[in-house]
Structures are given as structure tokens and as C-alpha cells.
Amino acid sequence: MAELPNTRLRAVCPSPAQYPEIQGNEGCAAVTEDWSGAAFDPARDRLLIAGGGHGGYAGNEVYVLDLGTLALFRLNAPSTPVRDGCQFDGTYADGRPVSRHTYDHLAWLPGQGRLFMVGGSRWQCGYFIGDAWTFDPAGNAWVEKSYTGGPKATFGLGVTHDPNTGLVYAHDDYDLYSYDPVADRWTRRTQNQSGPGDYKSAVIDARRKRYLYYVPDDRTLFWYDISSATGAPVRQSGATSGCAFMDTYAAGWEYDPVLDRLVAWNGGDTVYLMDPDTRTCTAVTHTGGPAAMGNGTFGRFRYSTASQVYVTCNDVDQNCHALRLSPPTSIFRDGFQSGDTSAWSNAVP
């Protein structure tokens, strides 16, 4: 991975001297340490990060890594005064959502130009909440949205935006749900008699029009055909090969439209490329990858279609990093070959 200079998140965190009440047990380190994610705005080529929650950190500010300027900055000030999210239905006194673990519960809504956030483990009590919010970066405005008919309030919901239909998908312990951001409406799409439980991670393959997820220590890939915006899809599954990233639900993974692969990473130098048709993974080593975060990467590993790089901000005390994979050639159609020259170190956009 290539380090992006001057992108340490701690440098733009709210000052502990100015905001002592939001520091919790960890301070702003919890933005990346505590089961938190991010979403990517492809139109503006930037990563939006939000996290904290439970007893770790009460700050509900949003951070941005801008690939156009290679700058990381904080969009807004944290809410004060803070208060327990369980006693006040998940909001601070200013009406904004309390800080929470964001897991893989963040998505970008391109049609609305908004960050979408679902549920999470609330400051200060830690209990999960069933709610949904959008954040307007330009107007610095949070708006609470409907959660009527939404998935069970838990973690590992696999919140993912479908670029083909504009819907957002999420999966609770049993069923798949879709959210229509235009109508502000949730729809339960399946009636499964069994399910994966909480520990899962999801991604959308836009070319094959599939919502895919896995649960750790299984290495079985599950998916739904979401080509219909209103249909009742049937869950399908198949064994995978070589996909060691599936041993943890907290890995970051993305569909790469150039390589036509699912690309996964959870720290270190190893990147996994999964063929969606054969479900076979190739582990590729690229030196310079940042260390794994103990509580996971989740959505903090994202692909930029404009810059054609993967970016991650994995530690508030380290620079963000970028990875550029090889341009599409026959090696990706015939099987990944050794000796590839792509690396984190060649990744600066």
C-alpha cells in the first residue's frame, strides 16, 4: 500500500481540551478501533468515515478522505452536550444521532448525495437500536428516516447500495430487506426459516446483480438474485476455495468492475481476489499494507472508480493507504499469475 501523506485522522480529531465530555474510554481512536466502517462517494471521489459509540467515544463527527486533493479533514463538530443513547432514543440534545459502532452499516446514496447509516451500538449504553439516518455533507445535516418494517436491530447487517436499482439492501439474522431512499420505505424481501445470525459481511456484485454474504469460519458464499427491485429472491449458496478472508466477518470487500472480481482485505499485505463464478480466491501479496485492526476493517476498505485504487484509513495514528491493482489483462480471465507489478507503493492517485 502507498501511504497518503498527512492523512492521520487524529490530527483533525476534536481537541480533548475543548471537548472533554466526548472522549469516553478511548478518545477518537475509537473512530477506527471500535467496529466501525465508512462509505464511498464516487462522484466526489472521497471516503466518509464515522464511528465510536458504546463506552469508547461519544463524538458523532464525520471525517472525509478526499482522493482529489489527497487530504483528510473533519466535516463538522461533535454534538454537545452528550447523553446516554438508550435513555433518549439514540439522539443527542441537538437531535443528531448519538455516536455508535457503525460496522458495515454505512452506505452512500448517489441519487440523494447522502451518507446512509443504520442502527449500531449506541453511546453510552452499548445496546443496539433500530433506526436509520441520512447525512448531507454539504449542509452538515442529519435527518432521521423511517425504520418501520426494517431489519432486526443488531450488528452485521451488511448494508449495501445497489447501483442498478438505487435500493439499499440489508440482512438480519434471517431475512433480506431493501430500503427505497426515494419513498423512505423498507420492504422485507424473504421469509427464511433459518439464517446466518449476526456475524456476516455483505457486498453487491453489480454485474451479476447479486447480494452476497458470508459468515465466518464457514467459507460458504451465500447470495440472492436482486435483479428485480420488487421480487422475492431465493437464497443460494456454494462452497469457496482459498478464501481465507472469510474466517472473519470484519474484513472489507468490494466488487471491482474493472477486474470483475470481489476484492477483500483485512490488514497486512495479503489481498484476496474472488472469481464470482467459480468462487475461487487468489491470495496476492502487495508489500506495505497497514496492520490489521483488532476489531475489523468493515467499510473502511473501499474502491474508487474514478482513481481506480482501493483506499483504507485503518488507524487514527497512521496515514491512510491506497492500493492500485493491475490493469485488466488476460491474467484475470485465465487465472491470476505470479509476478504482478501492482502494489500499495504504486497506488497514489
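Cβ contacts < 6 Å: first residue without any contact (Cβ under 8 Å) to a residue 12 or more places away in the chain, restricted to the stretch 31-58; second residue surrounded by fewer than 24 Cβ atoms within 10 Å (Cβ to Cβ), any location; separation 6+ or different chain. Result?
Close Cβ pairs (under 6 Å, with a partner that is surrounded by fewer than 24 Cβ atoms within 10 Å (Cβ to Cβ)) do not exist here.
Are any of the residues in the stretch 73-81 β-branched (Val, Ile, Thr), in contact (Cβ under 8 Å) with a residue 40 or more places away in the chain and in contact with a strand residue (DSSP E or B) (Cβ under 9 Å, 6 or more places away or on another chain)?
Applying the first criterion (β-branched (Val, Ile, Thr)) to the stretch 73-81 yields 80.
When the remaining residues are screened for being in contact (Cβ under 8 Å) with a residue 40 or more places away in the chain, the result is 80.
Within this subset, residues satisfying the condition of being in contact with a strand residue (DSSP E or B) (Cβ under 9 Å, 6 or more places away or on another chain) are none.
Looking through the stretch 73-81, none of the residues is β-branched (Val, Ile, Thr), in contact (Cβ under 8 Å) with a residue 40 or more places away in the chain and in contact with a strand residue (DSSP E or B) (Cβ under 9 Å, 6 or more places away or on another chain).
From GLY197, GLY150, grab the single residue that is crowded, with 17+ Cβ neighbours inside 10 Å and assigned to a loop (DSSP other than H, G, I, E, B).
Numbers: GLY197 fails: crowded, with 17+ Cβ neighbours inside 10 Å.
Only one candidate qualifies: GLY150.
Looking only at residues in the stretch 239-262 that are hydrophobic (A, V, I, L, M, F, W, C) and assigned to a helix (DSSP H, G or I), which one is nearest to ASP198 (Cα to Cα)?
In the first step, residues of the stretch 239-262 are kept if they are hydrophobic (A, V, I, L, M, F, W, C); the result is 239, 243-246, 250-251, 253, 258-259, 262.
Narrowing the set further to residues that are assigned to a helix (DSSP H, G or I) leaves 244-246.
Values: ALA244: 19, PHE245: 17, MET246: 14 Å.
Going through the qualifying residues, I end up with MET246.
Residues that are touching a helix residue (DSSP H, G or I) at 6+ places or on another chain (Cβ under 8 Å), of a type in the set (Lys, Arg) and either buried (at least 19 other Cβ atoms within 10 Å of the Cβ) or more than 21 Å from LEU48 (Cβ to Cβ) (or both): does the stretch 248-269 have at least one?
Yes, the stretch 248-269 contains at least one residue that is touching a helix residue (DSSP H, G or I) at 6+ places or on another chain (Cβ under 8 Å), of a type in the set (Lys, Arg) and either buried (at least 19 other Cβ atoms within 10 Å of the Cβ) or more than 21 Å from LEU48 (Cβ to Cβ) (or both).
Would you mind telling me which numbered condition in (1) out of contact with any Cys (no Cβ under 8 Å at 6 or more places or on another chain); (2) part of a helix (DSSP H, G or I); (3) not hydrophobic (A, V, I, L, M, F, W, C) ASN60 fails?
(2)
Pick from LEU221, LEU176: which is under 27 Å from LEU259 (Cβ atoms) and surrounded by fewer than 23 Cβ atoms within 10 Å (Cβ to Cβ)?
Numbers: LEU176 fails: surrounded by fewer than 23 Cβ atoms within 10 Å (Cβ to Cβ).
Of LEU221, LEU176, the one residue that is under 27 Å from LEU259 (Cβ atoms) and surrounded by fewer than 23 Cβ atoms within 10 Å (Cβ to Cβ) is LEU221.
The numbers here are math on the coordinates, done by the rules we state, and not lab data. These figures come from a predicted structure and were not determined experimentally. Positions of Cβ are backbone-derived with ideal geometry, glycine not excepted, and every protein chain shown enters the neighbour counts.
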